[in-house]
Amino acid sequence: MSELFTETEQDFAGYFDENAHGIQATYINSSDTSKTINVIFNNESIDFGDGEIETNQPMAYCRQLDVLDVVQGNALNISAIKDIEGNTIKSATNYNITEIQDDGTGIVILMLEVNG
């Protein structure tokens, strides 16, 4: 029989640490209450198969505990992304949360669209 091991909050803290994969973001809920959280931001390109239609789908991976009250329409403001020398690669951007995907392990994926 195999054993399943689940990540701990300490594991998650390591994944989202700014010295690892994480960047700072400001999460704003429906009550306009904001808090700083760490997320893993991804803005990968999606190809719809025919090679002609391609789009970017920004998304943020975060700890479920950081966004317990998240609903569609909440905001996530991603800090500027900088390289190791401090040069800005991507400016800070404000997003609306359009979809919430809970993976059941303590991680939530927030699908985003640029606000404005």
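Please work out how much length the chain gains when fully extended from Gln101 to Val114, using 0.36 nm per residue of separation minus the C-alpha to C-alpha distance, in nm with one decimal.
2.9 nm is the gain from fully extending Gln101 to Val114.
In Å², what does the accessible area per residue of the chain work out to with a 1.4 Å probe?
That works out to 66 Å² per residue.
For the chain, give the magnitude of the charge dipole about the Cα centre (Cβ charges: +1 Lys/Arg, -1 Asp/Glu; no others), in debye to the nearest 20.
Using only the charged Cβ atoms, the result is roughly 480 debye.
Computed from the coordinates I sent, Cα extents along the principal axes in Å equals one of (i) 78, 22, 14; (ii) 47, 39, 36; (iii) 35, 27, 25. Tell me the label.
(ii)
Once amide H atoms are placed 1.01 Å from N in the peptide plane, what residues at a sequence separation of 5 or more from Gly22, or on another chain, have their amide H within under 5 Å of its amide H?
Those lying under 5 Å, H to H, from Gly22 are Asp17.
The values are calculated or read from the model by the stated rules, or taken from the named source; none is laboratory data. Not measured: the values here are computed from a predicted model. Neighbour counts run over all protein chains shown; Cβ positions are idealised from the backbone, glycine included. Calculation scope for accessible area: heavy atoms of the full protein, side chains included, ligands and nucleic acids excluded. Shrake-Rupley method; radii C 1.70, N 1.55, O 1.52, S 1.80 Å.
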